[in-house]
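A quick write-up on the structure given underneath.
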Amino acid sequence: MEPPQQSAAGGHKRGRRGGARNRRKNTSSSQQARPPSPAVAPPSPSSPPAKRQRKAVAGQGAAKSKGGNTMSLLDKMRARLSGGYQEQMSHWPEQPVNVIISWLKSHNPSWTVADFGCGNAAVAKNVKNKVFSIDLVSEDPSVIACDMAHTPLEPTSVDVAIFCLSLMGVNYPSFLEEANRVLKPSGWLVIAEVRSRLDPNTGGADPEKFSKAIIQLGFSLVSKDAKNKMFILFYFRKKEKSKVVKNIDWPELKPCLYKRR
C-alpha cells in the first residue's frame, strides 16, 4: 500500500525543518567561533597611562658617545636608579639630596617644587612643600613618569626646580629649558652635579662655562657651593625679565663613573 500523501509531505516537511535546524546550529556554531566583542573598550590613546608610556618612549632618545655606541636615556636612568648606583652613593660622606632638603626646609614651605630626576622621591618624602616628583621611569605611582624635557607641568607654575645628579644624556640642556619654562619669575634652580663632570683637570666640563650657559638661558647665579669633594651645588634664580640667548654654547657633560671611596 502506498503511504498517504500527507505522510510523505509531512516527511518532506520534517526534512526541511531538520535542515533548517542544522543550518541554525551551523550558524550558531559559527557565531560562537567568533571572538566575543570586548565588554570594556581598550584604553584611549589619551588615557593617563598611555600618555605616560608614550612620553617615556619619547624620552628614550639615544645618547651617542664619540665611539658611535649608543645608550638610551631609559637605560641610563634605569642604571641610575639601580641598586649599584645607590650602593655607590652610600659611600659618600654627605648626600647632595640631604643638602637640598635642608635648604628647602630653611625656606618657604608654601613653595611648589619640581624635582627633576627624583629617583626614590626623597625630597617629596622629607619636606612639607608640594613636590612634583619627575623621572623618566618609576615604579612609584606618586612619581610623574615622563620625558623630563616635556613634562605635564603648567608654565610658570613652580617656585623651585631641582636637578640632583640628574642631568643625564647629551640632551641635558632640554631638561634645563623645561625647568625654565615651568619656573616662575624669581624661581630657584638648584643643581647638584658630580664634581668630576665639572673638573677640566680630569676631562670634565668647565664649571664657569656651564654656569654661563645657564645664565644665558635667563638665570642669575646666586651662589656656588664647591666645598664637598664629591659634588658641586649651584643656586640660580630665574630673572624677572630676560631674553634667552640663541644658540647657547652648552658644554658637554661626560658620563661619570662612580668609584667606591
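What follows draws every value from the coordinates through simple rules; no lab data is involved. Given the structure is predicted, the values throughout are model-derived calculations rather than measurements. When we count neighbours, we look across all protein chains shown, and the Cβ atoms used for this are built from the backbone with ideal geometry, even at glycine.
Things worth noting here:
- Net charge of neighbours whose Cβ lies under 12 Å from the Cβ of residue 110, counting Lys and Arg as +1 and Asp and Glu as -1: +1
- Estimated distance in nm for a label pair at residue 245 and residue 92, the labels positioned 7 Å out from Cα along Cα-to-Cβ: 2.8 nm
- Projected label distance in nm at residue 202 and residue 110, using a 7 Å step from Cα toward the beta-carbon: 4.3 nm
- Each other residue within a Cβ distance under 12 Å of residue 186 adds +1 if Lys or Arg and -1 if Asp or Glu, for a net charge of +3.
- Ordering of 222-232, 203-213 by burial proxy (mean other Cβ atoms within 10 Å per residue, highest first): 203-213, 222-232
- Sparse packing (at most 16 other Cβ atoms within 10 Å of the Cβ) combined with a DSSP loop state is found for none of the chymotrypsin sites (Phe, Trp or Tyr not before Pro) in region 83-157.
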